[in-house]
1. Long-range amide H contacts for F51: which residues qualify at under 5 Å (H placed 1.01 Å from N, peptide plane, sequence gap of 5 or more or a different chain)?
2. Just add up the charged neighbours of S44: K/R +1, D/E -1, any other residue whose Cβ is under 13 Å from the Cβ of S44.
3. Once the Cα atoms of helix 16-25 and of the chain are each reduced to a long axis, what angle between those two axes, in degrees from 0 to 90 to the nearest 10, is obtained?
4. How many percent of DSSP beta bridges within the chain run antiparallel, rounded to 5?
5. Under a Cβ-only charge scheme (Lys and Arg +1, Asp and Glu -1), can you give me the dipole magnitude of segment 1-86 about the Cα centre, in debye to the nearest 20?
6. Can you count the Lys pairs in the chain whose Cα atoms are under 20 Å apart, with each pair 8 or more apart or on different chains?
7. Count the net charge of all other residues whose Cβ sits under 15 Å from the Cβ of D29, scoring Lys and Arg as +1 and Asp and Glu as -1.
8. Under a Cβ-Cβ cut-off of 10 Å, what is the net charge of the residues other than G71 that fall near it, where Lys and Arg count +1 and Asp and Glu count -1?
Amino acid sequence: MTSNQITIALTKGRIEKDTVKLLEKAGFDMSFMADKGRNLIFESPDKRFRFLLVKAPDVTTYVRHGVADIGIVGKDVLVEHPTGYLEMLDLNFGLCKFSVASTEDYNPDDHKRKRIATKYPT
């Protein structure tokens, strides 16, 4: 790693492909990601950028501790772990559905108060 190199933490998993496509569209040569194997650290061919492929909650940790200069992560991580990060841009991908399930005999007209447990902020 050189002192002029910018380190970008990327979320591995569900939004990884969309992130790589976005970076390619922005002009980054991301060809090294096509055959990444089990590697989690990559350098751009011109050595100007280093990419870290990490779990979503770790992106903010890497940025907070200076391991990465910038990170691309889902908004859910920023909401669940409010630590003063700036959302620079909504990339408009990685959208999800939120579903509620019940038993077959559940009657929605039953007005008894229901309690729903969730990790999401209310």
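Read-outs: derived from the displayed coordinates by stated rules, not from any lab. Keep in mind the model is a prediction, meaning the values are calculated, not measured. Every residue, glycine as well, gets a Cβ built from its backbone with ideal geometry; the counts of neighbours run over all protein chains shown.
1. Those lying under 5 Å, H to H, from F51 are I8, F42, E43, S44.
2. Working: positive: K47, R48, R50; negative: E24, D29, E43, D46.
For residues surrounding S44, the net value is -1.
3. Helix 16-25 and the main axis of the chain meet at about 50 degrees.
4. Numbers: 3 of 12 bridges.
Here the antiparallel bridges make up roughly 25 percent for the chain.
5. Values: 13 positive and 11 negative charges, 20 e Å.
Here the size comes out at about 100 debye.
6. Count of close lysine pairs: 24.
7. On the way: positive: K21, K25, K36, K47, R48, R50; negative: E24, D35, E43, D46.
Its environment carries a net charge of +2.
8. On the way: positive: R64; negative: D58, D69.
Taking every other residue near G71 into account, the sum is -1.
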